[in-house]
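The values are calculated or read from the model by the stated rules, or taken from the named source; none is laboratory data. A quick note: this is a predicted structure, and the numbers were derived from the prediction, not measured. Methodologically, a virtual Cβ is constructed for each residue, glycine included, from the backbone with ideal geometry; neighbour enumeration extends over all protein chains shown.
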Amino acid sequence: MKYLNLHSFKVSPEEAVQLQRKLKKKISLNNSFNKIKRVAGADVSYYKNMMIAGIIILKFPQLKTIERQYSVCPANFPYIPGLLTFREGPSLLAAFKKINNEPDIILFDGQGIAHPRRMGIATHLGLFLDKPAIGCAKSRLSGEYIPVGEEKGDYTLLREDKEVLGAVLRTRRRTKPIFVSPGNKIDLLTSIDIVLKCTDKYRLPIPVREAHIFVNEIRNSLERINPPPTPDS
């Protein structure tokens with residue numbers, strides 16, 4: 001799977017912020033796909049100073065896994081809230097490069113436009129991959145909202161002043177909601193619909209949950225091969 005070379009990731013935090021502001025002009029929140037045949041889930045886990053990025057491709061709407069790819073890359077950018085893509089983006093792009101079954105929609109464990117500069121990882125990598133992308137985050141980064149109903153499918157809008165950034169969506173009855181925001185090439189209502197169609201008995205949509213399980217399996221296998229040193233007694 002190919003992706004665009006929009007910029008280098010070897011930048012300072014200050015340069016990273018300026019790049020986000022520049023890329024904001026490229027975001028599209030209009031649906032740019034027809035029939036959805038395949039969806040992808042993407043997540044990253046950490047092992048020592050390395051990042052393990054995993055991509056799961058599933059048939060849609062059956063949600064049957066047809067491909068899994070991963071990459072292991074060094075973490076070369078510090079952890080700074082709001083600049084996650086500059087840390088995890090290179091490893092995720094390396095994993096996407098290995099994909100043979102190109103997805104129509106990508107679900108990320110992170111934010112879309114519900115971000116201080118509207119450039120969460122789903123938006124940022126949605127631009128790199130030139131694909132419709134959705135952010136499915138477990139916690140809020142930007143915006144305010146009113147309480148959400150308790151039933152699956154209930155949601156309230158996530159707003160910053162008058163701007164709608166996303167939705168706080170209940171994906172399972174009486175379970176904490178998730179924060180859904182469009183990343184690129186998709187609108188909010190369609191993002192909500194796809195997330196619900198990808199969700200069964202768990203809080204996170206299946207593509208994201210399966211990607212999370214996948215990268216943790218790889219991390220655990222690495223730990224078995226090369227366990228951390230035992231402290232001196």
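Checking every residue in the stretch 151-165 against the condition of being over 26 Å from ILE57 (Cβ atoms), hydrophobic (A, V, I, L, M, F, W, C), touching a residue at least 40 places away in the same chain (Cβ under 8 Å) and in contact with a strand residue (DSSP E or B) (Cβ under 7 Å, 6 or more places away or on another chain) gives at least one match.
Looking across the stretch 134-187 at every residue that is among the polar types (S, T, N, Q) and in contact with a Lys or Arg (Cβ under 7 Å, 6 or more places away or on another chain), the one that is surrounded by the fewest Cβ atoms within 10 Å (Cβ to Cβ) is identified as THR175.
Selection of strands (runs of 3 or more DSSP E) fully inside the stretch 34-87 by the criterion of at least 1 residues being among the acidic types (Asp, Glu) and more than 17 Å from GLU223 (Cβ to Cβ) returns 38-47, 64-74.
Looking at this structure, is ILE56 within 19 Å of ASN5 (Cβ to Cβ), crowded, with 21+ Cβ neighbours inside 10 Å, at pLDDT 95 or above and of a type in the set (A, V, I, L, M, F, W, C)? Judged against the criteria, ILE56 is not a match. The residue that is nearest to ILE56 (Cα to Cα), counting only those in the stretch 1-28 that are of a type in the set (Val, Ile, Thr) and assigned to a loop (DSSP other than H, G, I, E, B), is ILE27.
Only one of the numbered conditions (1) within 22 Å of GLN18 (Cβ to Cβ); (2) not in a loop (DSSP other than H, G, I, E, B) is violated by HIS115, and that is (2). Among the residues of the stretch 215-225, at least one is buried (at least 24 other Cβ atoms within 10 Å of the Cβ), at pLDDT 95 or above and either on the phi < 0 side of the Ramachandran plot or β-branched (Val, Ile, Thr) (or both).
Within the stretch 1-35, being without any contact (Cβ under 8 Å) to a residue 40 or more places away in the chain and in contact with a Lys or Arg (Cβ under 9 Å, 6 or more places away or on another chain) holds for one residue alone: HIS7.
Put simply, of PHE128, PHE214 the only residue that is in a helix (DSSP H, G or I), in contact (Cβ under 8 Å) with a residue 24 or more places away in the chain and either of a type in the set (S, T, N, Q) or in contact with a helix residue (DSSP H, G or I) (Cβ under 8 Å, 6 or more places away or on another chain) (or both) is PHE128. Among the residues of the stretch 188-202, those that are closer than 23 Å to HIS115 by Cβ and surrounded by fewer than 16 Cβ atoms within 10 Å (Cβ to Cβ) comprise LEU189, ASP193. Being under 30 Å from ILE99 (Cβ atoms) and hydroxyl-bearing (Ser, Thr, Tyr) is a property that THR171 has.
Only one of LEU204, LEU189, LEU158 is assigned to a strand (DSSP E or B), within 17 Å of ALA122 (Cβ to Cβ) and modelled with pLDDT of 95 or more. Can you tell me which? After applying the criteria, what remains is LEU158.
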